[in-house]
Every structure is written in C-alpha cells, then in structure tokens.
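The values are calculated or read from the model by the stated rules, or taken from the named source; none is laboratory data. Nothing here was measured: the structure is a model prediction, and the numbers come from that model. Using ideal geometry, Cβ is built from the backbone for each residue, glycine included, and neighbour counts are taken over all protein chains shown.
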Amino acid sequence: MSIVEVNNAKKFYALGKTTVEAVKGVSFEIEQGDFTSIAGPSGSGKSTILNMIGLIDTPTDGEVFIQGQPVSKLKDREVTRLRHETIGFIFQSFNLIPVLTTRENIEFPLLLGRNNKLTRERREYVDFLIEEVGLQDRQKNRPNELSGGQRQRVAIARALVTKPVIVLADEPTANLDSATGDAILQLMKKVNRDLKTTFIFSTHDAKIVELADHIIRLKDGLVTENYKQTGA
C-alpha cells in the first residue's frame, strides 16, 4: 500500500473576481522509503501539492490519502494528530525559534501533542539526531549564532525527532550556497537510506532531482512526468 496517494486533486483559489487554478487534477502514489522530487517551475503547483500532503491545505476537489486514510474524512483533531505524529517539515527559511538553543529547537516538537514529556528514551534519540547532523558542539547555540547550513541541519533534526514516516521539504536548499546545499542533500539521503524515512521535496533544484529515486514533474498545475529512476 502506498504511504501517500493523491487522487485527482484540484486546488482553486479566489483572487478578487478571478479563480486561480493552482492544481488542475493531479494523481500519483508515493511508496514507503521513496526519495521523491516534485519538480517544476514557479507557479506549477508543487508547493500547493506539498501543503495538501502535509495537511496544511485541503483540495477543492479530489482526495489525499495518508497511510490509506482519506484526509477529507478526518475530524480536525484527527488531522492535527496525524500531522504531528506522521509528518515532519523542513522549510527553506528554516523556521527555527530564535530564543531557543539548537537542542531546544530540536526537542520542541516533543513538547507538543499528547505525549509531551522528555523521557530518557526521547533525550537519547535527540542525542542521536544531534550526532547524525553533526551539531554536537553547537547544542547551546541559538539560531543567530549558526550558519545557514547549520540552521538547516537543526531543522532536519527537528523534523525527524517525532520519528515521522514522511518528511516534507519545501525548497530546502534555496537559501544555501552550492557546497552547503550538496552536504545537506547528502545528509537527507543518508537519513532516507538509514532510517527508511520517506522524503518528499518541492523543488526546482536539479541536484535534488538527480538524487531522487522518484520524480514527479509539474507544469501549469498538471503532472507531465511521473517515474522512478535507478541508481539515485
């Protein structure tokens, strides 16, 4: 069974008296452990689709399934729980909390939701993630004391701390220089390989597309290509 299924999803927005058709009827499936690139130029609908998968936005028509569950049938409380327990987010602007240290930013999602206690097991997992992203010597630094690449590493660890089965990354290398972006991509590929976490990227970065094993290309709100590639 696919971990994500998008079935004829459409998304229309009202812009004054005009209706903008951001997504015009998109269908695809993503399997557990895929490293998926949703690629296309600006305005192609890729961020809208990512938001629908992330339960931040809802389709105007059609359906999104997460782990076989039709999202439109869920109550608000169930959507919130599914988003918190199943999905991690990585943003191009990092979205770290300025007053918190590296470690506190990573721990923060654990303080939300039903099981909001920092147990010994959870602290040990935070230790593991900090080591995985190479920030052992930056645990007490706040975001303004970190480089862009270090901030993105914090964001990756924070996205993984709840052990999500899906991580959504919206243009995660857009604000990084080429060398740092390459290092961040290799880190995410390592996490994908080692932890079997499903990654879904919204991107126009050719390097992400090159690393992906599943590529979905968009143009004008429609899927133009959807294929797997080997050797990625």
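Brief remarks follow.
- Flag if Asp61 is acidic (Asp, Glu) and at pLDDT below 95: no
Residue-by-condition table, conditions (1) part of a loop (DSSP other than H, G, I, E, B); (2) over 17 Å from the mean Cα position of the chain (by Cα); (3) among the aromatic types (Phe, Trp, Tyr):
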residue	(1), (2), (3)
Ile49	no, no, no
Gly62	no, yes, no
Phe65	no, no, yes
Arg77	no, yes, no
Glu85	no, no, no
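- With respect to the stated conditions, Thr86 fails to be modelled with pLDDT of 90 or more, of a type in the set (Val, Ile, Thr), at negative phi and exposed (fewer than 15 other Cβ atoms within 10 Å of the Cβ).
- Inside the range 1-42, residues that are without any contact (Cβ under 8 Å) to a residue 60 or more places away in the chain and under 12 Å from Asp220 (Cβ atoms) make up a count of 1.
- Note on the range 30-50: among residues that are surrounded by 16 or more Cβ atoms within 10 Å (Cβ to Cβ) and of a type in the set (D, E, K, R), the one that is nearest to Phe91 (Cα to Cα) is Lys46.
- Look at (1) buried (at least 20 other Cβ atoms within 10 Å of the Cβ); (2) modelled with pLDDT under 95 and you find that Ile53 fails only one, number (2).
- Meets criteria (more than 15 Å from the chain's Cα centre (by Cα) and loosely packed, with under 15 Cβ neighbours inside 10 Å) for Glu132: no
- Any hit, the range 96-112, residues being closer than 24 Å to Lys196 by Cβ and among the charged types (D, E, K, R): yes
- Note on the range 92-122: among residues that are among the charged types (D, E, K, R) and touching a Leu at 6+ places or on another chain (Cβ under 9 Å), the one that is nearest to Arg142 (Cα to Cα) is Arg103.
- Residue match in the range 90-105 (condition: in contact (Cβ under 8 Å) with a residue 60 or more places away in the chain and not in a loop (DSSP other than H, G, I, E, B)): yes
- The listed residues are Lys17, Lys73, Lys46, and the only one of them that is more than 29 Å from Lys196 (Cα to Cα) and basic (Lys, Arg) turns out to be Lys17.
- Pairing each residue of the range 49-65 that is touching a residue at least 40 places away in the same chain (Cβ under 8 Å) and of a type in the set (Gly, Ala, Ser) with any residue that is crowded, with 19+ Cβ neighbours inside 10 Å and not in a helix (DSSP H, G or I), provided the two are 6+ apart or on different chains, yields C-beta distances under 7 Å for Gly54/Ile87; Gly54/Phe89; Gly54/Leu168; Gly62/Ala9.
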